[in-house]
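Beneath this line is the structure, given in structure tokens, with notes to follow.
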Amino acid sequence: MQIPSSTYRIQFNPRFTFNHLAGIIDYLDELGITAIYASPILQPAKGSEHGYDGINPAMINPELGTMEEFEVLSSLLQKKGMGWIQDIVPNHLAFDTNNVWLKDVLERGINSSFAKHFDIDWEHPFYQQKLMVPFLEAEVAKCLEENKLTVQFTEHGFFLTYYNNYYPINVDSYPLLLSGCFDDEFNHVNAAVSALLNNISTDIDHWKSLKQELIKPLMLEPNFTSIQEKLALINNDAAVLSQLLSSQHYVLCKHTLSHTQINYRRFFNVNGLICLRIEDEQVFNDYHRLTYSLYEKGIIHGLRVDHIDGLKNPREYLDRLRSLFGRDCYIIVEKVLDVKEELPASLDIQGTSGYEFLSYINQVLTDNHGAEKLLDLYKKYVPDLANYEDIVFANKLSNLESYLNGEWDNLLRFLLSLNLIEDEEIRLQDLKMALGAFMCSYPVYRAYVEQLPMESGDENMVAVAFEQAAKRYPQLHYELGVLRQLFTPHPDATRNNNRLIFIQRLMQFTGPIAAKGVEDTTFYQYNPLISHNEVGDQPCVLGIPLRQFHEKMQERIEKNPLSINCTSTHDTKRGEDARIRINIISELADEWAELIRHWQEINEPYRKQVGDTRSPIVNDEYFLYQAITGAFPEDLQLTEQFVTRTKRYFTKVLRESKMLSNYIEPNLAYEEACAKFIDHLLNPTHQFLPSMMKFVKKLIGYANIYTMVQVIIKTTAPGIPDIYQGCELWDLSYVDPDNRRPVDYILRKKLLNELNQKEQEGLPVLLQWANENYEVGTQKLFVTKEILQIRKLKADLFLKGEYIPLYPDGGDREVIAYLRHFENDWILVVVPLGVVANTGKSLQIKLPPGAPLNWHNIFTGENIEGSNMDVHELFKSFPVAVLEVRQ
């Protein structure tokens, strides 16, 4: 197995292609990277900025380059000894008329070669044997009235068009469209149509061939002109168009109808992402065929599986994946692990994509005593949002009722179809509510249930969910009891199997409810310290004891030593260094409280009345102060670009929070008032900006140290460090799409060249250069490069070495210290905590028996001897220390 010592996450898009990556390979190699960690590269919707909206799993994204260019890139990487971990998306594809599988489903319906590839309910009572297509801006009648739905003829056949969407018209409708276009002797048309109808279930290649026999002569003159004339008449006849629409294998409808009814499984509540039945062996094989061929050729060496929790049976999928790719393939999964759960040990994978690591490091770098003051301060300003668990439940339920009601109804109907409810008199509305209460009470994303009785961990989670649901809805005691029985074995094999089938289906929706209710709603509502409003973290817990962090790291080396250590991803809510800055507020809680009082006072005249609301509301205002403090440019130079980015970002915040605006019915007046408020805040002639910048300047002094602390822990603690693109320098970005802005690699190459040059002149010169140029992130770059290069040389030490916590004499939160040890290799890490309150008191770290006595500081070049380390001496030349054994 080719296990990387470090990875570098690349977000491919039409502006950053295979050739662009080829241009920075030398740079990444010098930095110390040993593997590319690539966003999806299979063909997505045209212009995709992220690649998670695939349309053809059998083709490389042509906007990134050709297969030949990809192979050239691969050979360049292999010459450097660099591997490739590929992000794959087996849960869903784009609901796009260019989706090669879906297009056939739209044209042939249940007869399509790919009808069973997608998770479609063909027996849905409102859409019998048809696929719901919820993308219209208005009702069908309105769209017809405004001529937004028309019929067009191309070299591929007839289509219903809606803007740039071309929905294929089924062949049954061709006689209607072609009648009167030709002389009576034009018999081949009817013959060709009959041939198609007689082969309606044939394979896709044969179907296309038969269809071309029909279409090709129709494209010739005078036939083509005759058809266009006929279509001109049809497009002006709403009755004929309505008839045509009703006879298709799909039902076009207004996009908001999907909130209350849906007959395909979506990624969360995104209409434009339709889920696959990857549990079907044919679908599995079709989806992975190209990816596996790339693995066989040695172009890719590992996989990252996106949204594993969306799959019907994640463990079965991973077993099948392992069987296909073999024992030597490095496989990790995107899995959001709550503090209450662990990655199932039985999964045949190397680990996760690292959200849990982000949470650990985020928590240990937060002062829990100061955070308690911030929680009290927040409750004072926003008393209505005091109980986090109540907020989470309410937001889960609100999203279920408002956006996922169709899925909710489908689950109930599926439950009844399996004949699992013996009480025929049970009130279905109460049963539905009990089902919703259970899902919204489920404490983690989902369980991986394959048999009854369940494993003890899953049983505990289910018990907690039913207990919480009963507390919130005591009137549903009976209905909850009926549902509770479904999670226990039944003596009848058929009923037992049906219970298992239902549970697995149910668990495909507890995850989306959690994601929408927590990450996409609560994390924009509950704002005591928004650095913890982060995937994998929890904002109701601010700061953990140092001993707990060490225990987590020891568990990690035992259970998940090959998981990714991430601190920024394309999904994080803010950049890793913005998060550091905001965390430092916990060490300046009293000063922050006074600043908030002052800022609210001076900015009150600029809050505008919108209806009955002073805008922004206090909760949004408090969020905004933190967001700007975290993201303000490191050089303290205000730019128009930053103002624009902040306003764009905050509009997203308001819509995600769903308190006074949302995506479906945006409150434009409130959003505009908030935008004007931001204009005021970032106006140099007003009082706020100078006050805020003074505070940010103070934060930066501490943040520069903590940023290096974060890098050092990420690169030396158990796990494989990932550098998200560009994050070797400061990352002060907002949430996506802000965190996918182009990376300035010209600057990064220049700085790394300078760093290497200064290193040749000696470490004192290098340290001076790094310290003097901190505004562009040279300290962070220096620390990153030094450790990644050591990881390259001592891979086993970091991948296999034990983790030994060290606790200094004289302080409990002043220092994080630990040893990594494997065979004859050792590394000692000592980094500061409590930087703001650091009094410089004497702290001693005593090394355990058997540890080396002669050490070399990799940052300063200093040599240290003995079993007792004086922390003050270690930090005398540079504020962080990593020591290797002196040869």
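The values are calculated or read from the model by the stated rules, or taken from the named source; none is laboratory data. Note that this is a predicted model, so its numbers are computed, not measured. We place every Cβ from the backbone using ideal geometry, glycine too, and count neighbours over all the protein chains shown. When the accessible area is computed, the model is the full protein with side chains, heavy atoms only, and any ligands, DNA or RNA have been set aside. Shrake-Rupley method; radii C 1.70, N 1.55, O 1.52, S 1.80 Å.
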*For residue 792, list the aspartates and glutamates whose Cα falls under 12 Å from its own Cα; do not include residues on the same chain fewer than 8 positions away.*
29, 30
_Need the C-alpha centroid separation for the range 295-313 versus the range 7-55, integer Å._
16
*Scan around residue 354 for amide H atoms under 5 Å from its own, H built in the peptide plane at 1.01 Å from N, and keep only partners 5 or more places away or cross-chain.*
335, 564
_Accessible-area composition of the range 241-359, carbon plus sulfur, in percent [1.4 Å probe]_ = 47
*asked:* Using amide H atoms built in the peptide plane, which far-off residues or other-chain residues are under 5 Å from residue 251 H to H?
replied: 131, 132, 133
*Residue by residue through the range 426-435, which ³J(HN,Hα) values in whole Hz follow from phi under the Karplus form 6.51 cos²θ - 1.76 cosθ + 1.60 (θ = phi - 60°), with glycine and proline marked x?*
4, 6, 5, 5, 6, 5, 4, 5, 5, 4
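Measuring with a 1.4 Å probe in the full set of protein chains, what accessible area per residue, in whole Å², belongs to the chain? Mind showing how you got there, number by number?
Numbers: 33870 Å² over 887 residues.
In whole numbers, the chain has 38 Å² accessible per residue.
Starting with the highest mean, order 715-721, 637-643 by the number of other Cβ atoms within 10 Å, averaged over the residues of each peptide. The partial results should precede the final answer.
On the way: 715-721: 26.4, 637-643: 12.1.
Going by the mean number of other Cβ atoms within 10 Å, highest first, we get 715-721, 637-643.
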*asked:* Output wanted: per-residue J couplings in Hz (rounded whole) for the range 647-654, from phi through Karplus 6.51 cos²θ - 1.76 cosθ + 1.60, θ = phi - 60°, x for Gly and Pro.
replied: 5, 4, 4, 5, 4, 5, 4, 5
*Which of the GluC sites (Glu not before Pro) across the range 345-429 are loop residues per DSSP, with 15 or fewer other Cβ within 10 Å?*
422, 424, 425
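Between residue 46 and residue 683, how high is the FRET efficiency from 1/(1 + (r/R0)^6) when r is the Cβ-Cβ distance and R₀ = 35 Å? Nearest 0.05.
Details: r = 40 Å, r/R0 = 1.14.
The formula returns an efficiency of 0.30 here.
Two decimals is fine: what's Rg over Rh for the range 806-887, C-alpha atoms, Kirkwood radius as Rh?
Working: Rg = 12.1 Å, Rh = 12.9 Å.
Rounded to two decimals, Rg/Rh equals 0.94.
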*Mind jotting down the distance between the C-alpha centroids of the range 557-594 and the range 377-432, whole Å?*
31
_I need to check one value: relative contact order of the chain, counting alpha carbon pairs closer than 8 Å and at least 6 residues apart, in percent._
12
*Of all DSSP beta bridges located in the chain, what percent are antiparallel, nearest 5?*
65
*Where a Cα-Cα gap under 19 Å defines reach, which lysines qualify for residue 608, not counting those fewer than 8 residues away within the same chain?*
647, 676
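Treating only the Cβ atoms of Lys and Arg (+1) and Asp and Glu (-1) as charged, compute the dipole magnitude of the range 351-448 about its Cα centre; round to the nearest 20 debye.
Working: 8 positive and 15 negative charges, 70 e Å.
Using only the charged Cβ atoms, the result is roughly 340 debye.
Here are some pairs, 373/714; 373/658; 841/876; 714/785; which of them have Cα atoms lying more than 19 Å apart in this structure? Walk me through the intermediate numbers first.
Numbers: 373/714 28 Å; 373/658 27 Å; 841/876 13 Å; 714/785 13 Å.
Beyond 19 Å: 373/714; 373/658.
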*In degrees from 0 to 90, rounded to the nearest 10, what is the angle of the helix 618-631 Cα long axis to the longest principal axis of the chain?*
70
*residue 532: net charge of surrounding residues, Cβ under 12 Å, Lys/Arg +1, Asp/Glu -1, itself excluded?*
+1
*Per-residue ³J(HN,Hα) for the range 145-158, Karplus 6.51 cos²θ - 1.76 cosθ + 1.60, θ = phi - 60°, Hz, x for Gly and Pro*: 4, 8, 6, 8, 10, 9, 9, 10, 10, 10, 5, 9, x, 9
*Using Cα atoms only, what is the angle between the long axis of helix 281-296 and the major principal axis of the chain, expressed in degrees (0 to 90) to the nearest 10?*
50
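With 28 Å as the limit, write out which pairs from 432/573; 471/516; 116/254; 142/312; 432/516; 46/130 have Cα-Cα distances beyond it, or answer none. Walk me through the numbers on the way to the answer.
On the way: 432/573 33 Å; 471/516 23 Å; 116/254 25 Å; 142/312 39 Å; 432/516 20 Å; 46/130 26 Å.
Flagged as over cut-off: 432/573; 142/312.
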*Cα centroid distance between the range 599-659 and the range 769-814, in Å?*
35
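Could you tell me whether the range 99-191 comes out rounded, prolate or oblate from its Cα gyration tensor? Rule is a ≥ b ≥ c as square roots of the eigenvalues, rounded for a/c under 1.5, then prolate if a/b exceeds b/c, otherwise oblate. Kindly include the intermediate steps, with their values, before the conclusion.
On the way: a/c = 2.04, a/b = 1.29, b/c = 1.58.
In terms of gyration-tensor shape, oblate.
Ordering 87, 328 by accessible area with a probe of 1.4 Å, largest first, what comes out? The partial results should precede the final answer.
Working: 87 5, 328 95 Å².
In descending accessible area the options line up as 328, 87.
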*Which listed residue (417, 54, 339) has the Cα farthest towards the positive end of the charge dipole for the chain, taking +1 on Lys and Arg C-beta and -1 on Asp and Glu C-beta about the Cα centre?*
339
*Can you give the relative contact order of the range 143-273 as a percent, counting alpha carbon pairs under 8 Å and 6+ residues apart?*
24
*Name the long-range amide H neighbours of residue 816: under 5 Å, sequence gap of 5 or more, or other chain; modelled H, no Pro or chain starts.*
831, 833
*Can you pull the one-decimal nm distance between simple spin-label points at residue 110 and residue 176, each 7 Å off the Cα toward Cβ?*
2.0
*Please determine, in degrees from 0 to 90 and to the nearest 10, the orientation of helix 546-559 with respect to the longest principal axis defined by the Cα atoms of the chain, where the helix direction is its Cα long axis.*
50
